[in-house]
There are 2 protein chains.
Amino acid sequence: MSLDGARAMFQQLALIGCGLMGGSFALALKRAGLVGRVVGYSRSPASSQRALELGVIDAQAVSAEQAVAGADIVLIAVPVAATESTLASIRGQVTSDMLVMDVGSTKGDVVQAAERALGERIGSFVPAHPITGKEVAGVEHADAELYQGRHVILTPLATTQAAQLQSAREAWAAVGGKLVHMAPDAHDTTFAAVSHLPHLLAFAMVQGIAAQPGGEKILALGGPGFRDFTRIAAADPTMWRDIFLANKTELLAQLRWHQQALQAMEQSILHDDGPTLERQIAQASSIRARWRMASITQDD
Amino acid sequence: MSLDGARAMFQQLALIGCGLMGGSFALALKRAGLVGRVVGYSRSPASSQRALELGVIDAQAVSAEQAVAGADIVLIAVPVAATESTLASIRGQVTSDMLVMDVGSTKGDVVQAAERALGERIGSFVPAHPITGKEVAGVEHADAELYQGRHVILTPLATTQAAQLQSAREAWAAVGGKLVHMAPDAHDTTFAAVSHLPHLLAFAMVQGIAAQPGGEKILALGGPGFRDFTRIAAADPTMWRDIFLANKTELLAQLRWHQQALQAMEQSILHDDGPTLERQIAQASSIRARWRMASITQDD
């Protein structure tokens, strides 16, 4: 896509939160030729300054409200817990033909927050969750390829305007995303299962070993299996604190499913019941061996 | 290392169990020029036939006993549960200057099995556990690089002969292993923590999702975090059944440590205690971010 002879799809992107996720979106949208100008705001001026230096944004705003004024597309890429206050702060600038999106890892709480914060402007909001990330944060790790081949979940509401939904789909498709529509609660159940619970277990795994006498020596002998199993345990503490609290009900429900399966295997081990244990493992093993990440990307 | 002008360190390797682990050892030892001839035996004749065709072994034996006759180095690379019967079957051929090793993932049970099976020949036995593997089994996946840069744990006994221990060290070093000596029980605690428990949790994770209504749809949306966390869930069912049962006490003790850490995080979530939850996650995150697999290899 090129700007030659054609107007960019969007005149101005307001990027609220100039970090890894937001910065990568801005870079990718620019590279696709879909946006004329990017105005960024970060709660920390150092972050938006860095984004400006790196060419991720073209101008710094002094507030979220100022960034949004005159924009036709807004991406809120702040911690989940800050979504509502951010939306409330820009409400006066949101117009009926503006597209507003987030990138939060939970959706039920975001939808409720948006309904409270945006009021009659809720039709401009398309809740989004791109399934990607890195173990490193910050705009210096922003990467125009971050969304390439990744699922992007949209959870539109009954009130979401069709034009905004269509623009959202086009924007995410242009940065390489594979679009999936889900209801907010189905989203939260799904990601409690495949993302939030694995993170919780990985954090607990590292803590459980470190708490033991000789824990450091034990950790030192972890091999490739341990490395991969615990990779996500290095993730950002405030982000994951917010996700766990925001999606508490679904997360704890998923923990119960997990513990039920675990207890059944524990019983087989306790009673030296080899045939049942083998059947349980074989079931998991054959499911996992057949599983493929839907989006084939270079790091598969 | 070369055979030119020098005798190979070993005249004949008896490989009992021509699979991934054993086949890789034979290939690596051959490539290092350390062995003259490899005689293989597998319970399944198709496996040793395939090993012969692939040049992993030079001759097929009709029994483990026949393979060991005349060998100066023996590698038992069979499922952990078959170790004792294998050792018992070769006892009559084990000499006082022969080196006999296993590659089992547990060591306490193997040491006990070896003491029962080998009797007065126990001094020839050096229990070994190379920390490596693949999610695929079989000699067709044998790889001379499998042990390159990997930890190899030796758990020698008071009765282990010094000459055999030295030969074992030289053989594993020649195939690229980084040697570590441990007591059998310290080994079993360590690997219950960094390997066996992660496998158990990964199996239970896949099972817990698959057991739910809509489980297949949920699994389909797993991303890179889920992929890496559950990679080990595709592992071999009979191998892991045997490991879990052989190391039952240590595995269940490690499960308790894990559940203690998990319950503490669960309480923070239940009570919306953000500060405590963040502290718990931050502790795990900083430990995991600093953690490095001791052996730096190409896939790090």
(request) Only one of these is open to solvent by less than 40 Å² (accessible area, probe 1.4 Å) and assigned by TED's automatic domain parsing to the domain that holds A:G176: A:A46, A:A88, A:A77. Name it. (result) A:A77
(request) Could you please let me know if B:L29 is among the aliphatic types (A, V, I, L, M) and crowded, with 24+ Cβ neighbours inside 10 Å? (result) yes
(request) Specify the residue that is nearest to the other protein chains (Cβ to nearest Cβ); the eligible residues are those in region B:206-237 that are under 16 Å from A:A253 (Cα atoms) and out of contact with any helix residue (DSSP H, G or I) (no Cβ under 7 Å at 6 or more places or on another chain). (result) B:G214
(request) Look at A:I153 and say whether it is crowded, with 17+ Cβ neighbours inside 10 Å and either over 30 Å from B:I153 (Cα atoms) or more than 12 Å from every other protein chain (Cβ to nearest Cβ) (or both). (result) yes
(request) Would you mind telling me which numbered condition in (1) in contact with a helix residue (DSSP H, G or I) (Cβ under 6 Å, 6 or more places away or on another chain); (2) more than 7 Å from chain B (Cβ to nearest Cβ); (3) farther than 27 Å from A:L118 by Cα A:F203 fails? (result) (2)
(request) Please find, within region B:266-280, the residue that is nearest to the chain's Cα centre (by Cα) out of those that are of a type in the set (A, V, I, L, M) and crowded, with 16+ Cβ neighbours inside 10 Å. (result) B:L277
(request) List the helices (runs of 4 or more DSSP H) that sit entirely inside region A:3-110 and contain at least 3 residues that are touching a residue at least 40 places away in the same chain (Cβ under 8 Å). (result) A:20-31, A:45-53, A:64-68
(request) Assess whether B:L165 counts as being part of a helix (DSSP H, G or I) and either within 12 Å of chain A (Cβ to nearest Cβ) or crowded, with 18+ Cβ neighbours inside 10 Å (or both). (result) no
(request) Might you let me know whether region B:276-289 holds any residue that is at pLDDT 95 or above, more than 22 Å from B:L201 (Cα to Cα), not in a helix (DSSP H, G or I) and not assigned by TED's automatic domain parsing to the domain that holds B:Q148? (result) no
(request) List the number of the failed condition for B:F203; all other conditions in (1) touching a Phe, Trp or Tyr at 6+ places or on another chain (Cβ under 7 Å); (2) open to solvent by less than 10 Å² (accessible area, probe 1.4 Å) hold. (result) (1)
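Condition check ((1) modelled with pLDDT of 95 or more; (2) among the β-branched types (V, I, T)) across all residues:
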| residue | (1), (2) |
| --- | --- |
| A:G133 | no, no |
| A:A144 | yes, no |
| A:T155 | yes, yes |
| A:T160 | yes, yes |
| A:P198 | yes, no |
(request) Working carefully through the options B:G36, B:G22, B:G40, find the one that is open to solvent by less than 60 Å² (accessible area, probe 1.4 Å), more than 19 Å from B:I90 (Cβ to Cβ) and of a type outside the set (S, T, N, Q). (result) B:G36
(request) May I ask you to list the residues in region A:200-222 that are in a loop (DSSP other than H, G, I, E, B) and touching a His at 6+ places or on another chain (Cβ under 7 Å)? (result) A:L221
(request) Take the residues in region B:246-260 that are in contact (Cβ under 8 Å) with a residue 60 or more places away in the chain and within 18 Å of B:P79 (Cβ to Cβ), then tell me which one is least open to solvent (accessible area, probe 1.4 Å). (result) B:N247
(request) Just name the residue that is farthest from B:A233 (Cα to Cα) out of those in region B:111-133 that are of a type outside the set (A, V, I, L, M) and part of a strand (DSSP E or B). (result) B:F125
(request) Report, by residue number, each residue of region B:238-250 that is more than 7 Å from chain A (Cβ to nearest Cβ) and part of a helix (DSSP H, G or I). (result) B:M239, B:D242, B:I243, B:A246, B:T249, B:E250
(message) For region A:228-240, give me the residue count where each residue is surrounded by 23 or more Cβ atoms within 10 Å (Cβ to Cβ) and more than 14 Å from the chain's Cα centre (by Cα).
(response) 3
(request) Scan region B:211-226 for residues that are on the phi < 0 side of the Ramachandran plot and open to solvent by 40 Å² or more (accessible area, probe 1.4 Å) and report the count. (result) 5
(request) Please verify whether region B:109-127 includes one or more residues that are within 14 Å of chain A (Cβ to nearest Cβ), surrounded by 19 or more Cβ atoms within 10 Å (Cβ to Cβ), of a type outside the set (K, R) and in contact with a Phe, Trp or Tyr (Cβ under 8 Å, 6 or more places away or on another chain). (result) no
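The values are calculated or read from the model by the stated rules, or taken from the named source; none is laboratory data. Note that the structure is a prediction, hence the values are computed from the model and not measured. Neighbour counts are summed over all protein chains in view; Cβ atoms, including those assigned to glycine, are modelled from backbone coordinates with ideal geometry. Protein only, heavy atoms only, side chains kept; ligands, DNA and RNA dropped before computing areas. Shrake-Rupley method; radii C 1.70, N 1.55, O 1.52, S 1.80 Å.
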